[in-house]
1. Considering only residues of the range 50-109 that are in a loop (DSSP other than H, G, I, E, B) and of a type in the set (Gly, Ala, Ser), which is farthest from the chain's Cα centre (by Cα)?
2. Condition (residue is over 15 Å from Pro164 (Cα atoms), in contact with a helix residue (DSSP H, G or I) (Cβ under 6 Å, 6 or more places away or on another chain) and surrounded by fewer than 19 Cβ atoms within 10 Å (Cβ to Cβ)) applied to the range 238-247: is it met by at least one residue?
3. Test Glu169 against the stated conditions and say whether it is touching a residue at least 60 places away in the same chain (Cβ under 8 Å) and within 16 Å of the ligand (Cβ to nearest atom).
4. So, in the range 154-166, how many residues would count as being in a helix (DSSP H, G or I) and either near the ligand (Cβ under 10 Å from one of its atoms) or at pLDDT below 95 (or both)?
5. Say we look at the range 112-133 and pick out the residues that are surrounded by fewer than 24 Cβ atoms within 10 Å (Cβ to Cβ) and polar (S, T, N, Q); which of these is nearest to Leu155 (Cα to Cα)?
6. For the range 1-16, what are the residues that are under 20 Å from the mean Cα position of the chain (by Cα) and more than 8 Å from the ligand (Cβ to nearest atom)?
7. Could you tell me which numbered condition Leu197 fails, if it satisfies all but one of (1) within 14 Å of the ligand (Cβ to nearest atom); (2) in contact with a Lys or Arg (Cβ under 8 Å, 6 or more places away or on another chain)?
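The values are calculated or read from the model by the stated rules, or taken from the named source; none is laboratory data. Just so we're clear, the structure is a prediction, and the values are computed from it rather than from any experiment. Please note: Cβ atoms are built from the backbone with ideal geometry, for glycine as well, and neighbour counts cover all protein chains shown.
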Amino acid sequence: MKSSSEKIVIVGAFGRLGTELSLHYGSRVPVVRLGRKQLDLADESSIRKALEPLDFTLLFLPAAQTLVDRCEDEKEEAYQLNAHAPGIIAKICTEKGARMVHFSTDFVFDGEKDSPYHEEDATDPISVYGASKLAGEEFVLAASSDHLVIRLSWLFGPAKPGFPEWIVEQACSEYALALPAEKRACPSYSSDIVSLLDPLLFRPQESVASGVFHLSNNDDCSWQEWGQECLDLAHEMGHALKTHQISATSLDTIQAFKALRPVNSAMSSTKYTRVTGVTPRGWREALRDHFFVSAKAPQACL
Ligand SMILES: NC(=O)c1ccc[n+]([C@@H]2O[C@H](COP(=O)([O-])OP(=O)(O)OC[C@H]3O[C@@H](n4cnc5c(N)ncnc54)[C@H](OP(=O)(O)O)[C@@H]3O)[C@@H](O)[C@H]2O)c1
């Protein structure tokens, strides 16, 4: 990668994606890792105090309020963390002549489309989380059109337990499991995502990429299919599962959800492939690596 002259800051360096970004860049270039203790997104003076003294060329912002249902109850907090804070950080980056890579979500869409969403499709979030993240995208790109917004979906990886760990744990104790069959999205392996960023970020000056990009593993699947693949891999690993089959249910039967979820939020990565020439690998292969190659494979009932 042509990043030897980069000085990188990661805000939210200890989350699922932040940890992966730290590992990916940490051995190659100077990286300043900021967690909540060093920079609180809720507090503008904390943001300024942490960032203004630093000298950097590239800043990643994986930190966010990612608790989708909490955002419905704590709307002000959601907008502060997901919209205003990214806007302040983007302005600081612009003032310093640094590029910012901000991470957003498939929840900016209403989920009514019957095929994968492209970057130019109209956004229409149906949750506070989605609306706050969309406002964050707008603030970041208003601060400089050179900044990048990467929309992700169904993120999983070794740094922090996520859906694969949760569904395997459920199958270790429950005799029946169901997941929405109509809900579709694209699983995204955090280790793949950080590697896929390189060809987008480190390009010849005349073809620098900016603006909004969708990025995930290929292709989309239903939530039920994603859960089933997790159980099939867990069974292959030797987990003592009590349930081997995920049956179908629908989103509106899940009482625990306060926030509405988009039914179809599959996103196409074709713009990414057109610009970089790189096609993300399939989500099943990435998930297999998470179970069999990663040091942090789901362990619930081995
Ligand atoms: N997870 C998904 O399925 C998914 C899907 C689509 C898009 N995304 C987007 O991808 C990005 C990364 O997601 P992720 O799964 O890696 O998130 P994550 O693991 O939940 O990490 C979020 C990070 O934000 C930090 N944070 C929260 N509140 C903060 C505050 N007030 N000040 C400073 N830091 C704060 C958290 O710190 P603590 O550990 O101290 O709480 C955590 O390290 C986010 O922008 C998210 O919206 C995620």
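1. Step one: of the range 50-109, the residues in a loop (DSSP other than H, G, I, E, B) are 52-57, 62-67, 74, 97-98, 109.
Applying the additional criterion that residues be of a type in the set (Gly, Ala, Ser) yields 63-64, 97-98.
Working: Ala63: 10, Ala64: 10, Gly97: 25, Ala98: 22 Å.
Only one residue tops the list, namely Gly97.
2. Of all residues in the range 238-247, those over 15 Å from Pro164 (Cα atoms) come to 238, 240, 242, 247.
Then drop every residue that is not in contact with a helix residue (DSSP H, G or I) (Cβ under 6 Å, 6 or more places away or on another chain), which leaves none.
Looking for residues that are over 15 Å from Pro164 (Cα atoms), in contact with a helix residue (DSSP H, G or I) (Cβ under 6 Å, 6 or more places away or on another chain) and surrounded by fewer than 19 Cβ atoms within 10 Å (Cβ to Cβ), one finds none in the range 238-247, hence no.
3. On the way: touching a residue at least 60 places away in the same chain (Cβ under 8 Å): yes; within 16 Å of the ligand (Cβ to nearest atom): no.
When the stated conditions are applied, Glu169 does not pass them.
4. Residues of the range 154-166 that are in a helix (DSSP H, G or I), as a first pass: 163-166.
Next, from what is left, pick out any that are either near the ligand (Cβ under 10 Å from one of its atoms) or at pLDDT below 95 (or both): 163.
The number of residues fulfilling the criteria is 1.
5. Only one residue fits best here, namely Ser127.
6. So the first thing to find is which residues in the range 1-16 are under 20 Å from the mean Cα position of the chain (by Cα), and the list is 8-16.
Selection gives Ile8, Val9, Ile10.
7. The single condition Leu197 does not satisfy is (2).
To keep it simple, each residue is scored yes or no on (1) modelled with pLDDT under 95; (2) under 28 Å from Leu134 (Cα atoms).
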site: Val168; (1), (2): no, no
site: Ser207; (1), (2): yes, yes
site: Asp219; (1), (2): yes, yes
site: Trp226; (1), (2): no, yes
site: Leu231; (1), (2): no, no
site: Gln245; (1), (2): no, no
